[in-house]
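K.L.:
Here it is, the structure, as C-alpha cells.
The values are calculated or read from the model by the stated rules, or taken from the named source; none is laboratory data. All values reported here derive from a predicted model rather than from experimental measurement. With ideal geometry, Cβ positions are generated from the backbone for all residues, glycine too; neighbour counts draw on all protein chains shown.
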Amino acid sequence: MKYWRHAVCFLVPIGILMCPVPDGLTLKAWQLFAVYMAALTGFIVRPMNMAAMFLCIFAISGLAFGNTEVVLSGFASSTAWLVFSAFMIGIAFTKTGLGRRLAYWLVGKFGGTALGLGYVAVLSDLVLAPATPSNTARTGGTIYPIIRNVAEALGSTPEHDGRKIGSYLTVLMYSTGLTTGYIFMTAIAPNFLMVDFGRRILKVDISWGLWLEAAVVPGMICLLLLPLLVYWLYPPTLKTIDKRSFAAKGAQELGPISRNEKLLALFFVLAVLGWATGSWTHIDSTAVAISLVGACLFFQVVTWDDLLDNRSAWTTFVWYAGIIGIAGGLAKYGFFVWLAKVLQNNLPLAGHGTLTVMLALVLASILLHYIFASLAVFCAVMLPVIFTLTLATGAPAYATFFLIAFSVDYAASLTHYSGALGAVLFGTGYVEQRIWWTIGLVYTALSLAIHMGIGLPYWRLLGLW
C-alpha cells in the first residue's frame with residue numbers, strides 16, 4: 001500500500017497514452033500532456049520529494065519520447081531564476097538579522113495599542129515582502145516569531161489567555177501574509193508560475209512594475225482594512241501595550257547595526273528601485289535579483305555555503321523549472337490553443353456579459369481552494385484551465401488575469417490548510433478552526449468585493465481593460 005502514490009503517478013499518464021490522439025493535436029503534444037498530468041498528479045499525491053519526482057519525470061520522458069530538451073527548457077527560464085534568486089535574498093535577511101531589526105523598530109514606533117501592533121505586524125510584513133518569495137519564511141519564520149514573543153511577554157499564550165492578544169495577532173498575520181503575497185510579484189513563489197502561465201496562455205506580458213501597479217490600489221485597501229476587520233470580528237481583550245520596553249529589549253539583544261545589515265539594506269533598496277523602474281530602464285527583473293545575490297556574495301553578506309544550506313530554494317528551483325519547461329512545451333505544440341477551441345465550442349458561459357464571465361471565473365478559482373492544500377499545486381493544476389477558459393470566453397486578458405491571480409493568494413485565507421503558512425500559524429493553537437474559517441470567509445468576500453468594485457475600474461483607468 002505504501003507504493004500507491006507511485007502507482008497513481010504511472011497509471012494516469014498511461015491511461016492518457018492509451019487513448020487516441022484527439023483531432024487537432026500532434027502525437028508529441030499528446031505525449032507531453034501525459035507527462036504534464038503525471039507531474040500534476042505527483043503534486044497532489046506527493047510520492048516523494050518534489051525535486052526528486054521531477055528528475056524522475058525528466059528521465060522517463062526523455063527516454064520514452066525523446067523530448068529531453070523540451071522538459072529541461074524551464075531551467076533556461078528567467079522566471080525560474082527569479083524565484084531562485086528571491087529565495088536567496090530571503091536568506092540574507094535572515095542571516096544578517098535585518099528583518100528582525102526592522103520589526104523591533106516598527107514595534108517601538110507604532111505598537112502602543114493592540115490595533116497599532118496589528119498595523120506594525122502588517123507593515124513589517126509589507127516591508128519584507130518584495131524580497132521574500134515565501135510567506136512561510138517571511139510571515140511565519142521572520143515576523144510572526146517576533147509578534148508571538150510580544151504576545152507571550154504580555155501574558156498571552158495558546159494555553160493561557162490567548163484571546164488577550166495572541167489569537168488576534170495570529171489570525172491577522174495569516175491573512176496579512178497572503179495579502180502582501182500578491183501586492184508584490186516577488187512576495188510568494190506561485191506568483192511567478194501565474195505570470196508564466198499568463199504569458200504562455202493569455203499572451204499577457206506582466207513585469208514586476210506592472211504587477212505592482214495593478215495590485216497596489218486594491219491590495220493596499222485590503223491591507224489597511226484587515227487589522228480593523230479582524231479587530232472587529234475577533235477583538236483582543238488587551239488594548240494598550242508598553243512598546244518602549246519591548247523594543248529596547250529587542251534592540252539590545254541585536255546590538256549595534258552591523259556592516260552586513262547596512263550593505264543588505266542598500267542593496268535591497270537599489271533592487272526595489274530596479275524592479276520598480278524596469279519598464280523605463282528595460283533592465284530585466286531577473287538580472288536585478290541575480291545582481292542583488294551576487295553583490296551579497298561578493299561583499300560576503302552571505303556565503304555560498306549559506307545558499308547551499310537552503311534546501312527549499314534548490315528543491316523549488318528544480319520542480320518549478322520543470323513545470324515551466326513542460327508547460328512551455330505544451331504551449332509550443334499548440335495544446336492550450338487547441339484546448340481553448342474545444343472549450344469555446346462547448347462553454348456555457350459563451351454569450352454572457354463580460355462581468356458575469358469574469359465573476360464566474362474568479363468564483364471558481366476561489367471555491368477550489370477548499371480542495372487544494374498547496375498554492376503551488378493549485379496554480380500548477382488549475383491556472384492553465386482557468387486561463388484557457390478566459391481565453392475561450394473572450395474576457396479581457398489583463399484585467400481577468402489580475403482578478404484571478406490576486407484571488408489565488410487572498411482566497412487561501414478560507415482554510416488553515418491552503419498553504420504552508422496556515423499550518424505554521426494555525427498549529428500554534430491560538431485560534432480554533434471555526435473562528436479561523438469564519439474570519440477567512442469574511443475576508444475573502446471583502447477582498448473579492450474590493451477587487452471587483454474598485455480594482456476593475458482602477459484597471460480600466462490604467463488601460464488594462
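K.L.:
With the checklist (1) farther than 25 Å from V342 by Cβ; (2) buried (at least 17 other Cβ atoms within 10 Å of the Cβ); (3) hydroxyl-bearing (S, T, Y) in hand, flag the one item T68 doesn't pass.
P.N.:
With (1) farther than 25 Å from V342 by Cβ; (2) buried (at least 17 other Cβ atoms within 10 Å of the Cβ); (3) hydroxyl-bearing (S, T, Y) applied to T68, the lone miss is (2).
K.L.:
If you don't mind, another one. In segment 32-71, what residues are of a type in the set (D, E, K, R) and assigned to a helix (DSSP H, G or I)?
P.N.:
So the first thing to find is which residues in segment 32-71 are of a type in the set (D, E, K, R), and the list is 46, 69.
Once the filter is applied, which keeps residues that are of a type in the set (D, E, K, R) and assigned to a helix (DSSP H, G or I), segment 32-71 yields only E69.
K.L.:
Taking segment 333-374 as the search range and keeping residues that are of a type in the set (A, V, I, L, M, F, W, C) and farther than 30 Å from V45 by Cβ, which one is modelled with the lowest pLDDT?
P.N.:
Step one: of segment 333-374, the residues of a type in the set (A, V, I, L, M, F, W, C) are 335-340, 342-343, 347, 349-350, 355, 357-364, 366-368, 371-373.
In the following step, the residues that additionally are farther than 30 Å from V45 by Cβ were identified as 349-350, 355, 357-359.
On the way: L349: 61, A350: 54, L355: 83, V357: 81, M358: 86, L359: 88.
Going through the qualifying residues, I end up with A350.
K.L.:
Could we say that R46 is basic (K, R) and either under 21 Å from V381 (Cα atoms) or touching a strand residue (DSSP E or B) at 6+ places or on another chain (Cβ under 9 Å) (or both) here?
P.N.:
Working: basic (K, R): yes; either under 21 Å from V381 (Cα atoms) or touching a strand residue (DSSP E or B) at 6+ places or on another chain (Cβ under 9 Å) (or both): yes.
Criteria met by R46.
K.L.:
Would you pick out the residues in segment 12-37 that are surrounded by 13 or more Cβ atoms within 10 Å (Cβ to Cβ) and closer than 19 Å to L55 by Cα?
P.N.:
Correct list: V12, P13, Q31, L32, F33, A34, V35, Y36, M37.
K.L.:
For segment 236-253, indicate whether the set of residues that are of a type outside the set (K, R), buried (at least 18 other Cβ atoms within 10 Å of the Cβ) and in contact with an Asp or Glu (Cβ under 7 Å, 6 or more places away or on another chain) is non-empty.
P.N.:
Here is the first cut: in segment 236-253, the ones of a type outside the set (K, R) are 236-238, 240-242, 245-248, 250-253.
Narrowing further to those that are buried (at least 18 other Cβ atoms within 10 Å of the Cβ): 236, 238, 241, 246-247, 250.
Of the ones still in play, those that are also in contact with an Asp or Glu (Cβ under 7 Å, 6 or more places away or on another chain) are none.
Among the residues of segment 236-253, not one is of a type outside the set (K, R), buried (at least 18 other Cβ atoms within 10 Å of the Cβ) and in contact with an Asp or Glu (Cβ under 7 Å, 6 or more places away or on another chain), which makes the answer no.
K.L.:
Please find, among S374, S418, the residue that is within 17 Å of the chain's Cα centre (by Cα), among the polar types (S, T, N, Q) and crowded, with 22+ Cβ neighbours inside 10 Å.
P.N.:
Details: S374 fails: crowded, with 22+ Cβ neighbours inside 10 Å.
After applying the criteria, what remains is S418.
K.L.:
In addition: Among what's in segment 182-209 and is among the aliphatic types (A, V, I, L, M) and over 17 Å from the mean Cα position of the chain (by Cα), pick the residue that is farthest from Y36 (Cα to Cα). First the steps, then the outcome.
P.N.:
Kept after step one, since they are among the aliphatic types (A, V, I, L, M), are these residues of segment 182-209: 183, 185, 187-189, 193-195, 201-202, 204, 206.
Cutting the leftovers down to over 17 Å from the mean Cα position of the chain (by Cα) gives us 201-202, 204.
Values: I201: 15, L202: 19, V204: 22 Å.
Going through the qualifying residues, I end up with V204.
K.L.:
In addition: Among the listed residues L464, L456, L425, identify the single one that is closer than 30 Å to G141 by Cβ, buried (at least 16 other Cβ atoms within 10 Å of the Cβ) and not small (G, A, S). Before you say what the answer is, go through the steps one by one.
P.N.:
Working: L464 fails: closer than 30 Å to G141 by Cβ; L456 fails: closer than 30 Å to G141 by Cβ.
Going through L464, L456, L425 in turn, just one is closer than 30 Å to G141 by Cβ, buried (at least 16 other Cβ atoms within 10 Å of the Cβ) and not small (G, A, S): L425.
K.L.:
Okay, moving on. Is it the case, given these coordinates, that I326 is within 30 Å of T68 (Cα to Cα), at pLDDT 85 or above and crowded, with 16+ Cβ neighbours inside 10 Å? Walk me through how you get there before you give the answer.
P.N.:
Working: within 30 Å of T68 (Cα to Cα): yes; at pLDDT 85 or above: yes; crowded, with 16+ Cβ neighbours inside 10 Å: yes.
The answer is yes for I326.
K.L.:
It is to be established whether one or more residues within segment 387-397 are free of Cβ contacts under 8 Å to residues at least 24 places away in the same chain, part of a helix (DSSP H, G or I) and outside the structural domain of I221 (by TED's automatic domain parsing).
P.N.:
no
K.L.:
Could you count how many residues in segment 15-36 are out of contact with any Leu (no Cβ under 8 Å at 6 or more places or on another chain) and within 13 Å of F65 (Cβ to Cβ)? Show your work before the answer.
P.N.:
Just the residues of segment 15-36 that are out of contact with any Leu (no Cβ under 8 Å at 6 or more places or on another chain), to begin with: 15-20, 22-28, 35.
If we keep only those that are within 13 Å of F65 (Cβ to Cβ) too, we end up with 16-17, 26-28, 35.
Summing the residues that are out of contact with any Leu (no Cβ under 8 Å at 6 or more places or on another chain) and within 13 Å of F65 (Cβ to Cβ) in segment 15-36 gives 6.
K.L.:
Quick one: which helices (runs of 4 or more DSSP H) sit completely within segment 90-163 and have at least 3 residues that are farther than 16 Å from L223 by Cβ and touching a helix residue (DSSP H, G or I) at 6+ places or on another chain (Cβ under 8 Å)?
P.N.:
Values: elements: 98-110, 114-128, 144-153.
So the answer is 98-110, 144-153.
K.L.:
Moving to a separate point now. Find the residue count for segment 207-247, including only residues that are free of Cβ contacts under 8 Å to residues at least 24 places away in the same chain and small (G, A, S). Lay out the reasoning, then the answer.
P.N.:
The initial filter retains those residues of segment 207-247 that are free of Cβ contacts under 8 Å to residues at least 24 places away in the same chain, namely 224, 232, 242, 245.
Keeping just the survivors that are small (G, A, S) gives 245.
Selection size over segment 207-247: 1.
K.L.:
Among what's in segment 152-175 and is within 19 Å of R100 (Cα to Cα) and under 27 Å from the mean Cα position of the chain (by Cα), pick the residue that is modelled with the lowest pLDDT.
P.N.:
Top of the filtered list is G166.
K.L.:
Please pick out the residue among V408, V431 that is at pLDDT below 95 and either of a type in the set (S, T, Y) or assigned to a loop (DSSP other than H, G, I, E, B) (or both). Full working, then the answer.
P.N.:
On the way: V408 fails: either of a type in the set (S, T, Y) or assigned to a loop (DSSP other than H, G, I, E, B) (or both).
V431 is the lone residue from the list that is at pLDDT below 95 and either of a type in the set (S, T, Y) or assigned to a loop (DSSP other than H, G, I, E, B) (or both).
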